[in-house]
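Asks: After the structure tokens below, expect a handful of questions from me.
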Amino acid sequence: MADVWYKDAIIYEAHVRAFYDSNGDGIGDFAGLTQKLPYLHDLGVTCLWLLPFYPSPLRDDGYDIADYTNVNPMYGTLGDAHQAIREAQAEVLALLRARPGRAGGVSDGAAALDPTFLAGAQPRVRTRKRKTVLLIDDDPATRQAALAEMEQAQVPARVAADGAAGIQAIAAEKPDVIALELGMGGNMAGKDVINMIKATMEWVDIPILLYTRLPVESQKEARSLHGADDLVLKRSGPAALVSRVIATFRRTP
């Protein structure tokens, strides 16, 4: 059998509720998990297996899940969970880069980080020379104004008029940045779009920039409460959005 990642993985099963309490209320939480990730790194953990942490009546130790798209509030917010996952990924990648090769070849982890390892694989998304932004906005006026500003700045952009169309556009061709109106309603609200992106392995690394009419107070609120990576309020205008999108392009590989 060909080598597979789990044969050499060091897997750590964690129950968020029982792992580490960051605020002294007697219940473990995602902030505590994030705080203790260096400890797991020192143990050499390369795979973190979390027991259910969703909203639940807890009649079956959390396996009786009430909502697959959210986090039980006793463990923190969805933003806390996203932060823990992102930082755990960073810790694992750092550990894999540092792992020595095995006798007869490099380790699975090191091979996975070698650019030649996937050279013969068929990419899931076509390679583009220019990065693109997907604007998901249910307001025709602000959507068209932003698109016009992006065209003037020569920023490749696609637009979607609602959340469902946005998800279809992401599936058709993964964008490099998503600009999203948080205040969209309907069957696929803005928060629903974010939840689906963060729950899909192929999309979880896409930066999400809130371009919204809602009164989001700060970048911290955008990240911790809404699960986004950045914030531009619509009252700042489309030029501010384009400037932030370009800055995000420069920060991402």
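The values are calculated or read from the model by the stated rules, or taken from the named source; none is laboratory data. A quick note: this is a predicted structure, and the numbers were derived from the prediction, not measured. Note that each Cβ is placed from the backbone with ideal geometry, even for glycine, and that neighbours are counted across all protein chains shown. Surface areas here come from the heavy atoms of the whole protein model, side chains and all, with no ligands, DNA or RNA. Shrake-Rupley method; radii C 1.70, N 1.55, O 1.52, S 1.80 Å.
Asks: Could you list, ordered by first residue, the pairs with Cβ atoms under 9 Å in which the first is in region 1-27 and at pLDDT below 75 and the second is open to solvent by 70 Å² or more (accessible area, probe 1.4 Å), at least 6 apart or interchain?
Replies: MET1/LYS7
Asks: Same structure, new question: Between a residue in region 52-68 that is small (Gly, Ala, Ser) and any residue that is open to solvent by 60 Å² or more (accessible area, probe 1.4 Å) and not in a loop (DSSP other than H, G, I, E, B), which pairs come within a Cβ distance under 8 Å, given they are 6 or more apart or on different chains?
Replies: These pairs meet every condition: GLY62/ARG17.
Asks: Does GLY186 satisfy the condition of being at positive phi, open to solvent by 20 Å² or more (accessible area, probe 1.4 Å) and assigned to a loop (DSSP other than H, G, I, E, B)?
Replies: Values: at positive phi: yes; open to solvent by 20 Å² or more (accessible area, probe 1.4 Å): yes; assigned to a loop (DSSP other than H, G, I, E, B): yes.
Considered against the rule, which asks whether it is at positive phi, open to solvent by 20 Å² or more (accessible area, probe 1.4 Å) and assigned to a loop (DSSP other than H, G, I, E, B), GLY186 comes out as yes.
Asks: Give me the pairs: first residue in region 200-228 and modelled with pLDDT under 85 and in a loop (DSSP other than H, G, I, E, B), second residue open to solvent by 30 Å² or more (accessible area, probe 1.4 Å) and of a type in the set (A, V, I, L, M, F, W, C), beta-carbon distance under 6 Å, and six or more apart or on different chains, which are they?
Replies: none
Asks: Does region 233-240 contain any residue that is outside any helix (DSSP H, G or I), touching a Phe, Trp or Tyr at 6+ places or on another chain (Cβ under 9 Å) and without any contact (Cβ under 8 Å) to a residue 40 or more places away in the chain?
Replies: yes
Asks: Something else: Quick check on region 77-85. Is at least one of its residues open to solvent by 30 Å² or more (accessible area, probe 1.4 Å), modelled with pLDDT under 90, β-branched (Val, Ile, Thr) and outside any loop (DSSP other than H, G, I, E, B)?
Replies: yes
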